[in-house]
Amino acid sequence: MIGNRTNTPAATRYPPSAKPRIIDFIAGLRAAGVRISIAESADAFRAVDLLGAQDRDTFRVSLRTTLVKEPADVPTFEQLFPLYFDSDAPPPMMSASDELTPEEMDMLAEAIRQFTGRLREMLQRLLSGEQLTSEELEQLGQLVGLKQADHPALSQWMAQRMMRALGVPQVRDALEDLWEVLNKLGMDRQTLDRLQQLVQGNMDALEEQLERFAGSSIARNMAEAGRPEAGPDLMNRPFRHLTDTEAEELRKQVRRLAAQLRSRLALRQKRGKTGMLDAKATIRASLRYGGVPIELRHKHRRLKPKLALICDVSTSMRHCAEFMLTLIYDLQDQVGRARSFAFIGDMEEISGPFSELPTQRAVEQVLTQLPPGYYSTDLGNSLDTFSKRFMDAIDHRTTVIVLGDGRNNYNDPRTDLLEEIKRRSRRIIWLNPEPPT
């Protein structure tokens, strides 16, 4: 029997501040080329909720297990993880005043007065254990171009650039002079050794502070790169009015759209492996037992759809065809089968390159092989060729997508052949980029 116990959700076992970090981490992984679906992101949150985030190794393994599918992506994960989840607190620095007597502090102040300007300021900061402020770190980042860094391997290099911008190499030379001056002023060897160790520890802490700042900045850069940018609404602009820069941006938007659709379709297929629960059939089946036990019944799972894409690749439709082909073939793993055809004056199948090449290269090859022509579009002749040579591409499971602006240069459009295609297929969809008249 089914009891009346109510299930209450378990309390979240990670601090609220961890959630945005995990979201940024996933965005950073995507920006670095790791494919992560929406379902896998949800699995990561469930795993962390179950196992908690208190133990760093358990937390890291939880995320790696749920987010990384390919062994080749593990190094990327391991590089990015500390950038997002290691402590932001800068390492501690020590002050010379904690190690020296008042007389020795006076001796140190006299030695430092021999230096001037920026060099004296840096020596005083190192000796007093004064860390860089967030404003100073931001200024250094701007100075060395940290905003453009987009790979975790660059964090150490960026830290070295910031060290040079601070004048650290010159400070190291100045320190040698400082030790010599202090020795001449009479500071004993033991105190001088302690002071040198303190300054070296502060120098190491400064370098670590810069490297952590560089790493966290790069992590933010990568997370931002993994999110859709807020820009002009290119999806609703006429293709013929796009500049080359806007066309390239639209290509990026189409690829992002394809990635989002692929994740959602994959989740739908995953949930549909056994079919959805059929409540009515379950109740009917359990009546013969008086309702106990309940025998679950499921609806038949949906089969992946089949697609046939017919594209007008004439001059007026070229950009639109490029974007549609990119979108369809980036989703190819979520359809049962996809065959593509292109026409200007006649119909040709273009499925071959898409089975052999990456999507973007295949699109470029197809458009190169079918150069545009002016006033040569003939839909009727193209449909006639399709009906004679390619009707095997269509059955009752096939969705036919026709992409065209309807321009036909006064030729016979052969709507009868379009009706025949409609009759044989599951459905036919005509996509026309032209605004309604």
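What the table shows:
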{"read-out": "Boolean, Ala53 is at pLDDT below 85, within 24 Å of Pro152 (Cα to Cα) and in a loop (DSSP other than H, G, I, E, B)", "value": "yes"}
{"read-out": "Some residue of segment 387-398 being hydroxyl-bearing (Ser, Thr, Tyr) and under 19 Å from Tyr329 (Cα atoms)", "value": "yes"}
{"read-out": "Filtered residues of segment 158-176 (kept if surrounded by 14 or more Cβ atoms within 10 Å (Cβ to Cβ) and out of contact with any Lys or Arg (no Cβ under 8 Å at 6 or more places or on another chain))", "value": "Met158, Ala159, Gln160, Arg161, Met162, Met163, Ala165, Leu166, Val168, Val171, Ala174, Leu175"}
{"read-out": "Residue within segment 89-101 that is of a type in the set (Asp, Glu) and over 31 Å from the mean Cα position of the chain (by Cα) present", "value": "yes"}
{"read-out": "Residue that is nearest to Pro75 (Cα to Cα) [pool: residues in segment 136-155 that are free of Cβ contacts under 8 Å to residues at least 60 places away in the same chain and touching a helix residue (DSSP H, G or I) at 6+ places or on another chain (Cβ under 6 Å)]", "value": "Val144"}
{"read-out": "Which numbered condition Asp395 misses (of (1) in a loop (DSSP other than H, G, I, E, B); (2) among the charged types (D, E, K, R); (3) surrounded by 13 or more Cβ atoms within 10 Å (Cβ to Cβ))", "value": "(3)"}
{"read-out": "Search result, residues across segment 134-173 that are closer than 16 Å to Leu80 by Cα and either of a type in the set (Ser, Thr, Tyr) or touching a strand residue (DSSP E or B) at 6+ places or on another chain (Cβ under 6 Å) (or both)", "value": "Ser155"}
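Table: residues versus (1) over 15 Å from Leu83 (Cα atoms); (2) modelled with pLDDT of 80 or more.
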residue: Pro9; (1), (2): yes, no
residue: Ser37; (1), (2): yes, yes
residue: Ala47; (1), (2): yes, yes
residue: Thr58; (1), (2): yes, yes
residue: Leu63; (1), (2): no, yes
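The values are calculated or read from the model by the stated rules, or taken from the named source; none is laboratory data. This is a predicted model, so every value here is computed, not measured. A quick note on method: Cβ atoms are made from the backbone with ideal geometry, for glycine too, and the neighbour counts reach across all protein chains shown.
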